[in-house]
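Asker: This structure is in structure tokens; I'll ask about it shortly.
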Amino acid sequence: MEFYNPLYFLLLILVIPYVVWYVLKHRKSTPSLKVSSSASFIRAGRTWRVWLTHLPFVLTIVGYTAMVCALARPQTANSWSNTSVEGIDIMLCMDVSTSMLAEDLKPNRVQAARNVAIEFINGRENDNIGLTVFAGEAYTQCPMTMDHTALLNLLNGMDCNMAMRGMLEDGTAIGMGIANAVSRLKESKAKSKVIILLTDGTNNRGDISPGMAADIAKSFGIRVYTVAVGTNGTAPYPMMVGGHREYVNVPVEIDTKTLSQIAEKTDAQTYRATNTEKLFQVYEEIDKLERTKMNVRKYSKRYEAYQAFAIVAFICMAMALLLRATLLKRIP
């Protein structure tokens, strides 16, 4: 156990003058009675009140000490543990172009994809997982990590705002997305290295073609599972017209042929997700892959441990006051 504010222990110095004051006060206030002979009192025993005379004083000292310990903020110490687990190295490669705002999947494509990815990550505690996002260009939102809490925080920040506001080029650069994910996986020593590519469009941006990116992934032994998101035919797309949101049915243009070729080249599977339930199929397939033993160093953070000290301080102080006011009350 460690204390976050150890300087508060200096307050324990005040216990010394309090003890000195109590001893001096007790000596002066001891009652006396003059008698001709004390022989009759020699065998007289002490009552329980006499034995408990100093109990409020002791309780006060204990309560004050516990209160100081609580103020010093005791915390459980950080701990590290080395464990051996079996897992897969995975990069989620997700399309965040503006077309992902279509609402044929509820509440829309990008949020549906994010919700399913969150459930997937929560069920893969031993996997090394990262996140690449792409529109007309690609970037790494989160490198591969076992810290899934940090990954989920970054995943929750994934949306189409950057493409909508021009901070990220709009469009669909499938090849660039795969290439970015490959750059994070190429040094991995895992037996199973996987990219899960999720898109709703046709490659129309980027300097690397999807076929070339698939060849690069294959050369590093990386499987690329492709997921085509969107209904067949048309999809409702929200547009602001005169300050009001209007929905326009836009054609769904997904290059399923290219996505199938990418998956086939890398010995993986391709999926068509026309609803949220079908998105789970690709993640279930990953459970069948060969896992790799990895040595993981886990870190446990600090937790506040002042509660026990605070309870002891309250009980001791309350009992001291109660005893002084009732059973051990002295007059004067």
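Asker: Can you flag which of Lys106/Lys288; Lys257/Lys278; Lys106/Lys265 are past 22 Å Cα-Cα?
Answerer: Beyond 22 Å: Lys106/Lys288; Lys106/Lys265.
Asker: May I ask you to derive the FRET efficiency for Lys189 and His244 from their Cβ-Cβ distance with R0 = 56 Å, giving the value to the nearest 0.05?
Answerer: FRET efficiency, Lys189 to His244: 0.55.
Asker: Can you put Ile121, Ile196 in order, fewest other beta carbons within 10 Å first?
Answerer: Going from sparsest to densest Cβ surroundings: Ile121, Ile196.
Asker: Here is a follow-up. Once amide H atoms are built 1.01 Å from N in the peptide plane, which residues 5 or more positions from Met91, or in another chain, come under 5 Å H to H?
Answerer: Gly130, Val194, Ile195, Ile196
Asker: Rank by packing, highest mean first: peptides 305-315, 204-214, with packing defined as the count of other Cβ atoms within 10 Å averaged across residues.
Answerer: Descending mean neighbour count gives 204-214, 305-315.
Asker: To make sure I understand, if each residue's beta carbon is the centre and we count other beta carbons within 10 Å, what order do Cys93, Cys160 fall in, fewest to most?
Answerer: Arranged by neighbour count, lowest to highest, Cys93, Cys160 become Cys160, Cys93.
Asker: Also, quick follow-up: Could you give the dipole magnitude of the stretch 85-295 about its Cα centre, charging the beta-carbon of Lys and Arg +1 and that of Asp and Glu -1, in debye to the nearest 20?
Answerer: The calculated dipole for the stretch 85-295 is roughly 320 debye.
Asker: Cα centroid distance between the stretch 213-252 and the stretch 107-121, in Å?
Answerer: Using only Cα atoms, the two centres lie 14 Å from each other.
Asker: May I have the convex hull volume per residue, in Å³, for the Cα set of the stretch 112-185?
Answerer: Once divided by residue count, the hull of the stretch 112-185 is 83 Å³.
Values quoted throughout were computed directly from the atomic coordinates according to the rules given, and no laboratory measurement underlies them. All values reported here derive from a predicted model rather than from experimental measurement. In this analysis, Cβ positions are derived from the backbone assuming ideal geometry, glycine residues included, and neighbour counts consider all displayed protein chains.
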